[in-house]
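> Shown below is the structure under consideration.
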Amino acid sequence: MWVYVAVWEVQTGEVEQLAVGDVINGLGVRASFWTLEQTEDEEGVAELPGPDPSGDASPHYRVTGTVVWTRDAHSLVLRVGSFTLLAEPLAVWAADAYGANGPPDVGHRVAVVATLSSMLDYEPDAFGYPDVSTHWSLRGLRVEHRELVPSPAYASGDVPGRILRVMEIPRMLRWADAPRDCHGSYLLDLVPPT
């Protein structure tokens with residue numbers, strides 16, 4: 001499953017510089033989801049074809065898991081087979097993120113349509129999340145470059161826009177992988193523990 005890691009996380013040492021075949025010790029994964037539904041389907045992760053619900057040609061998944069922790073209306077931890085992950089709606093202010101029934105209870109099986117990204121080590125302590133970090137095998141590595149779009153809403157003035165290119169790489173080169181004229185992210189093809 002392809003998991004986004006920001007280039008700055010590698011540049012600052014939050015995530016170690018990796019190569020295909022490495023084992024990653026203690027990385028947590030977040031599923032930022034567009035939709036959530038209750039289901040009886042088996043736990044698992046299935047990549048979805050075509051553009052994501054935002055219209056980007058980005059990897060996105062149907063993640064099916066059992067709720068093992070919840071807080072408020074916008075943080076869940078799902079057990080998905082041999083690992084757990086944090087699941088949060090992309091827009092926490094959107095009242096319809098959970099549909100008419102509200103957030104699910106612990107023990108319910110749910111499926112989310114989500115994009116996956118890394119969590120930083122300090123997030124469980126800083127935000128009161130359970131620790132969902134685990135060990136992963138790195139099966140593939142890509143770097144994604146997006147155009148920079150001016151935005152007066154952000155102090156830096158620029159936000160990531162459309163995808164310009166995605167390249168397969170054998171190893172991270174933390175400073176060379178993010179040119180100044182675009183926004184860079186890594187995509188890690190992670191294999192969960194068995």
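Since every read-out is calculated from the coordinates, none of them should be taken as a lab result. This structure is a prediction, so every number in the text was calculated from the model and none was measured. As a convention, Cβ positions derive from the backbone with ideal geometry for all residues, glycine included, and neighbour counts pool all protein chains shown.
> Could you work out [θ]222 nm for the chain from helices alone, using -39500 (n - 2.57) per DSSP H run of at least four and dividing by all its residues? Round to the nearest 500 deg cm²/dmol.
My calculation for the chain gives -1000 deg cm²/dmol from helical runs alone.
> Give the order of ARG174, ARG79 when sorted by the count of other beta carbons within 10 angstrom, beginning with the fewest.
Fewest to most other Cβ atoms nearby, the residues stand as ARG79, ARG174.
> So, one more: For the stretch 26-133, what is the charge dipole size about the Cα centre, in debye to the nearest 20, if Lys and Arg each add +1 at the Cβ and Asp and Glu each add -1 at the Cβ? Present the calculation step by step, with values, prior to reporting the outcome.
Details: 5 positive and 16 negative charges, 8 e Å.
Dipole of the stretch 26-133, to the nearest 20 debye: 40 debye.
> Among ILE169, ILE24, which comes first, second and so on when ranked by fewest other beta-carbon atoms within 10 Å?
If I rank by nearby Cβ atoms, fewest first, I get ILE169, ILE24.
> Which whole-percent values make up P(r) of the stretch 26-133 when all C-alpha to C-alpha distances are grouped in 10 Å steps starting at zero?
Here the calculated profile for the stretch 26-133 is 15, 50, 32, 3.
> Right, here's the next one. Label-point separation (nm) for ASP125 and ARG71, each offset 7 Å from Cα along Cα-to-Cβ?
Once both label points are built, they end up 1.5 nm from each other.
> Follow-up. Can you tell me the relative contact order of the chain? Whole percent, Cα pairs under 8 Å, sequence separation 6 or more.
32
> Which percent, to the nearest 5, of DSSP beta bridges fully inside the chain are antiparallel?
90
> Using the Cβ atoms and a cut-off under 13 Å, what net charge is assigned to the surroundings of LEU85, where Lys and Arg are +1 and Asp and Glu are -1? Please report the intermediate quantities before stating the final value.
Working: positive: ARG30, ARG79; negative: GLU43, GLU88, GLU123, ASP131.
Residues close to LEU85 contribute a combined charge of -2.
> By counting other Cβ atoms within 10 Å of each Cβ, how are GLU40, GLU9 ranked from fewest to most?
GLU40, GLU9
> Identify which of the listed values of Cα extents along the principal axes in Å was calculated from the structure shown: (i) 45, 41, 35; (ii) 66, 35, 31; (iii) 61, 35, 30.
Correct label, based on the coordinates given: (i).
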